[in-house]
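Asker: Quick one: the structure is below, questions incoming.
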Amino acid sequence: MAAFFSARAAGAEPPPRERVSLRAATFTPLYSPEGTGATVAIAAFQLDAKPVTQGEFRDFLREQPRWQRTNAPRIFRDEHYLRDWAGDLEPGSPEALQRPAVQVSWFAARAFCRAHGGRLPTQAEWEYAALAGDHGPDMRQEPAVREGIMRWYVTPADEDLAPVGARPPNYWGLYDMHSLIWEWVDDFNTNITTGDNRGDGDSERNLFCGASAGLSTDRADYAAYMRFALRSSLTPAYTGRNLGFRCAYDGTGE
């Protein structure tokens, strides 16, 4: 099993991906213990400027064929893994190579990031980076940005996703944090909202459904609540036609 998750296959190192450095910060997550608004410390890290494309994922599959559709063990992916690909190394038309890599499980996304010397971002890191607007680090000061994100969340996904990087980046220089795909995070399954309400006591009943919104630090940030709710529904083998990923890296790279 350990060999299956080795950092990278033998051969040439994969090319470095464009990264954005984010300084250390404190961040107030949407949920905190008992709704106290407690902050979390985020160490300096780097994040891929863009989501991983199908072309980049194809290159990874060439180097690590054990993650190809016909080889990946069923325990690490569901039946929809890379379902729309024409073959193990055939995402489709040339245009498809620039679209985000989706229908990829958490296991496969994590393996890709490891092969590139990185990891999946934590939920706090991703949400901190995604909080940026067009002109500043906090989109709550830019109502039009939040409204645009909500419009995407309530609009059915296009059959063919747009190419990665087609829209302008946010304040940090990160592309497609919103309005293209949902993204895997490393600790997706540690969310406060769960689907199992069999626990005892009011403290646990507060974690579910509408009650959990009352514990949020920003009840107006419905888009963030939707992300937390989606993550709570995932399993690591799950794949989705608009669920992709990008990688994170420790430190600033300086």
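The values are calculated or read from the model by the stated rules, or taken from the named source; none is laboratory data. What you see is a predicted model; the values in this text were computed from it and never measured. All Cβ positions, even for glycine, are placed from backbone atoms using ideal geometry, and neighbour counts span all protein chains on display. Heads up: the accessible areas ignore ligands, DNA and RNA and are worked out on the full protein's heavy atoms, side chains in. Shrake-Rupley method; radii C 1.70, N 1.55, O 1.52, S 1.80 Å.
Asker: Can you work out the FRET efficiency for the pair H135 and L89, with r the C-beta to C-beta distance and R0 = 35 Å, to the nearest 0.05?
Answerer: The computed FRET efficiency comes out at 0.25.
Asker: Using a 1.4 Å probe and counting only protein heavy atoms, arrange D84, D138, D186, D176 so the residue with the most accessible area comes first.
Answerer: D84, D186, D138, D176
Asker: With every protein chain left in place, what is the accessible area of Y175 in Å² (1.4 Å probe, nearest 10)?
Answerer: We get 50 Å² for Y175.
Asker: Any idea how far apart T235 and N189 come out in nm if each label point goes 7 Å out from Cα toward Cβ?
Answerer: 1.0
Asker: At a 1.4 Å probe radius, which order do W172, W67 fall into by accessible area, largest first?
Answerer: W172, W67
Asker: Could you work out the relative contact order of the range 135-191, using alpha carbon pairs under 8 angstrom and six or more residues apart, expressed as a whole percent?
Answerer: Reported as a whole number, the value is 32 percent.
Asker: In addition: What is the distance, in nm, between label points placed 7 Å from the Cα along the Cα-to-Cβ direction at A144 and at R62?
Answerer: Reported label-point gap for A144 and R62 is 4.2 nm.
Asker: Just to be sure I understand the model, the point goes 7 Å from the Cα along the line to the Cβ. What's the resulting N242 to A43 distance in nm?
Answerer: My value for the distance between the label points is 3.5 nm.
Asker: Can you tell me the FRET efficiency between Y222 and E18 if r is taken as the Cβ-Cβ distance and R0 is 51 Å, rounded to the nearest 0.05?
Answerer: Calculated value: 0.95.
Asker: Right, here's the next one. Above 19 Å lies some portion of the pair distances; for the range 83-177, what is it as a whole percent of all C-alpha pairs?
Answerer: The proportion of pairs with Cα distances above 19 Å equals 56 percent.
Asker: Turning to a different aspect of this structure: What net charge do the residues around F76 carry, taking every other residue with its C-beta under 14 Å from that of F76, with Lys and Arg at +1 and Asp and Glu at -1?
Answerer: Here the count lands on +4.
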